[in-house]
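First the structure, in the form of C-alpha cells, and then the observations on it.
Any read-out appearing in this document is the output of simple, stated calculations on the displayed coordinates, not a laboratory observation. Computed from a predicted structure; not experimentally measured. Using ideal geometry, Cβ is built from the backbone for each residue, glycine included, and neighbour counts are taken over all protein chains shown.
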Amino acid sequence: MDVMELKKDVIEYSRLIGIDKIGFASADPFIELKERLRRQQELGYQSGFEEPDIEKRTNPSLLLPEAKSIIAIALAYPSKMKDAPRGTKTERRGLFCRASWGKDYHDVLRERLQKLEEFLLARVPSARVRSMADTGELADRAVAERAGIGWSGKNCSIITPEFGSYVYLGEMITNIPFPPDEPIENRCGTCTKCIDACPTGALVQGGQLNAQRCISFLTQTKGFLADEFREKIGNRLYGCDTCQLVCPENKGKDFHLHPELEPDPEAAKPKLVPLLGISNREFKEKFGAMAGSWRGKKPIQRNAILALAHYKDRTAVPHLLRLLKEDSRPVIRGTAAWALGKIGDRSAKPHLEAARETETDIDVIVEIDKGLKLLAEVKE
C-alpha cells in the first residue's frame, strides 16, 4: 500500500463530499493536553459535559488499540444570517449561537465521516477506523491543532486561516500510518480582545476557560441560574458568540458552503413570548433538528424568561404570571417570579404575594422574595 498516494486520494475525495479542510496527525498520546485537563479538573473549570476519563481523552490507543494516525476534518459554517428578522418592543426575539443555526452539526459531521470511512475501507479492507465529532472521547481541538487544521486561539477555539473559528470539527482514528501534517503557527500574538470581551470573565487567560462561568455552558444548564449571570445572558437562548465576534481573525469570515448548515431565521432568532407556552411536540418540530435543542425545551424557556426580563418587556407580564401560577416546574415558576420583579410592573405585586402564600418549593419562594424586593425598589 502506497500511503502517500492514499493520503492524496483521501484529500481529493474529502473535497468531493463537502469537507472544507482535512489534516493528518499521529496517534501518539496528547501528553501536554493531559496535564492541562488534570489542572482544569483540579480547579473545577470543567463543564461536566466532557468525557470524564482523561486517559481516554488523551490516548487514542485506548479507543482503537491499533491506532497509528488520526484524520481531522473541518466544515465551515455561516457567521451571518440572510434575512435575519428584527425584534420590536412588542415582539422581542432571542438568539441561538451560530454553531446551532442549521442542521445539528453532529449529524452533518457524522455523515461526512461515514463517507470517509467507507472510502477508506473500500481501498484498504483491512483498515480499522473509529470516528467521532464533539461528543466523542478525544479532544477535537487538540487533534485539529496537531493535524494543522488551525491553531488553538486564546478564545479556546480552533482558528483556521481560511474560515476563522467558524468551523465544526471531527476526527477519525485509524490503523493506517498516514504521514502527519505540520501544525500551524499561532497567530494570536499579543491580542487579548476575546479575554477582554468575555461577559463573565470565563476566559481566565489565553487558552484557559472556566466552563462553569461560560455563557455557552450556562445556557445549557437546567437549574436556576446564579443571580450574577442572569443579566449577562442578555437575549441568548443557546450558546454565546462574543469571543468569536471580537476576534480579528474572524473579520469578514462568512461562508455559506453547505445548504444544511443554513439557518431557518425564525428558529435561529425566535420570538420570545411564544416560547413560554410551546409544547414538547411544537418544540421538537421547530427546533429538534438544531444542535441547540439537545437539552430539551426547559433551558430554552428559562433563558427566554431571562431575556424578557433583560428587555423589561411589559407585554410578557401576563404570560409570566401564568407560568408563576400554573407551571409544574419550579425552575420556570421561580425564574418567572424573578423576571416579574426585574421588569418592574407593579401590577404583578399582588400576584407574587398570593403565589408566596401557596408555593411549597423553597427555591421558588426565594425567587418570589427576590421579585418582590425588585418591585419594592421601583419608583412610583
Quarter of the Cα convex hull surface for segment 281-332, i.e. its orientation-mean projected area (nm²): 4.2
³J(HN,Hα), Karplus 6.51/-1.76/1.60, whole Hz, each residue of segment 326-340, x for Gly, Pro: 10, 6, 7, 9, x, 4, 6, 4, x, 5, 4, 4, 4, 5, 4
Using θ = phi - 60° and Karplus 6.51 cos²θ - 1.76 cosθ + 1.60, couplings along segment 361-377 (whole Hz; Gly, Pro as x): 7, 4, 5, 5, 4, 4, 5, 4, 4, 5, x, 5, 5, 5, 5, 5, 8
Part-to-part distance (alpha-carbon centres) for segment 1-61 and segment 217-240, which is given in Å: 30
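Tell me, Asp254, Asp107 in order of fewest to most beta-carbon neighbours within 10 Å? Write down the numbers at each step before the final one.
Values: Asp254 15, Asp107 12.
So the residues, fewest neighbours to most, are Asp107, Asp254.
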Residues Asp264, Asp241, Asp83 arranged by fewest to most Cβ contacts within 10 Å: Asp83, Asp264, Asp241
Three principal axis lengths of segment 312-380 [C-alpha, angstrom, descending]: 31, 20, 16
Sorted by Cβ density within 10 Å, fewest first, the residues Trp294, Trp101: Trp294, Trp101
Cα-based shape type of segment 8-156, given that a ≥ b ≥ c are square roots of the gyration tensor eigenvalues and the cut on a/c is 1.5: oblate
Global form of segment 207-315, assessed from the alpha-carbon gyration tensor, a/c cut-off 1.5: oblate
